[in-house]
Amino acid sequence: MKPMFCIVYFFMGFLLAPIQTYAQEDTIEAEESAEVFLEEYSDTFQEKFFEALKQKGIENYDKAINLLLECRQMDTDAHVINHELAKVYLANKEYDLAQEHGTNALNAKPENLWYLDTLVNIVLKQGSSINTIKSNIPYANNALRENLALIYFKQKNFEDALDVLDEIRVSTFSEELRSKLKDSIEKQKLHKTKAPKETTKTVVSDPLLDFKTQIENLIQSNDLLALEEMAKEALESYPLQPYFYYALAHALNKKGEHIRAAEELESALDYILDDVVLANKFYEELVIAYTALKDTSKANMYLRKIKPGF
């Protein structure tokens, strides 16, 4: 018998797990783990899958796609592979292929929130909406439409979320989400009606904020060399600021220096305190690093620490 193994499966922003209930302060808790357990797959399959994740992480999309296609040849029914292919094609701006594989993944698992989330993002990138491909997906599935309403809510697309809720049967989930949507719409209206106050502020230079702003811009522009140097410079002045460790590790991961990335992140974990958003960024980078290093134990450990909804 072939051994059971665990494949780490992540995605920057959301993690794979159908969401069913709300926690306090609009935090949405996941019902399933973010890990995908696959049984009776060969070592070759595992190696190719993990290598594909590594290549995707360093934006070598063509190689990641080829490896995932090889994985799919070993298991043509692997919806997980189709979903990964959809995400890589999306990152590579090959929208038609992304939509094809995203649709296949969702048709295989209609109740999977993150398959739907990926497909929604794909059609949005093309200036369209999920309504244009309703006939190609099991749109009548009640759980799928609940998930769609939830996705619209997180996108602050409140009216469309309400429209979707009007189509489905009433449940505790739909009633809770409807209540949150109405509250959000009222707050949105109230915010628009408030007249802005005219104030005169004296602009004071804040070196710490300046570092963070410059680093954020470098992350957005993917200027890895400048990002690494700026993060190092920031850490010389602010060695207890965890954000700068994250920025340095992000640059190192992108450059393929995963051991150094993991070391920088783990050395600063105690500095994070109660910043859940930054903690998630740390854990995501650690998942990338240890996945690339094929240390599935540590990758899964940090994957479990990521809190959904932030």
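Criterion applied to Leu116, Leu67, Leu53 was being under 19 Å from Thr291 (Cβ atoms) and modelled with pLDDT of 90 or more, and the one residue passing it is Leu67.
The condition of being of a type in the set (D, E, K, R), more than 30 Å from His258 (Cα to Cα) and either in contact with a Phe, Trp or Tyr (Cβ under 7 Å, 6 or more places away or on another chain) or without any contact (Cβ under 8 Å) to a residue 60 or more places away in the chain (or both) does not hold for Glu51. Exactly one residue out of Leu150, Leu113, Leu162 is more than 30 Å from Lys63 (Cα to Cα) and in contact (Cβ under 8 Å) with a residue 40 or more places away in the chain, and it is Leu150. Can you find even one residue in region 164-186 that is modelled with pLDDT under 90, more than 28 Å from the chain's Cα centre (by Cα) and part of a loop (DSSP other than H, G, I, E, B)? Yes, region 164-186 has at least one match. The residue that is surrounded by the most Cβ atoms within 10 Å (Cβ to Cβ), counting only those in region 271-305 that are charged (D, E, K, R) and part of a helix (DSSP H, G or I), is Glu285. Consider Asp43 carefully, then state whether it is modelled with pLDDT of 75 or more and under 24 Å from Val123 (Cα atoms). Spelling it out, it is not the case that Asp43 is modelled with pLDDT of 75 or more and under 24 Å from Val123 (Cα atoms).
To keep it simple, each residue is scored yes or no on (1) out of contact with any strand residue (DSSP E or B) (no Cβ under 9 Å at 6 or more places or on another chain); (2) in a helix (DSSP H, G or I); (3) more than 22 Å from Ala149 (Cβ to Cβ).
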position: Ile81; (1), (2), (3): yes, yes, yes
position: Glu84; (1), (2), (3): yes, yes, yes
position: Pro110; (1), (2), (3): yes, no, no
position: Asp117; (1), (2), (3): yes, yes, no
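The values are calculated or read from the model by the stated rules, or taken from the named source; none is laboratory data. Predicted model, so just to flag it, every value in this text is computed and none were measured. Note: ideal-geometry Cβ built from the backbone for every residue, glycine included; neighbour counts use all protein chains shown.
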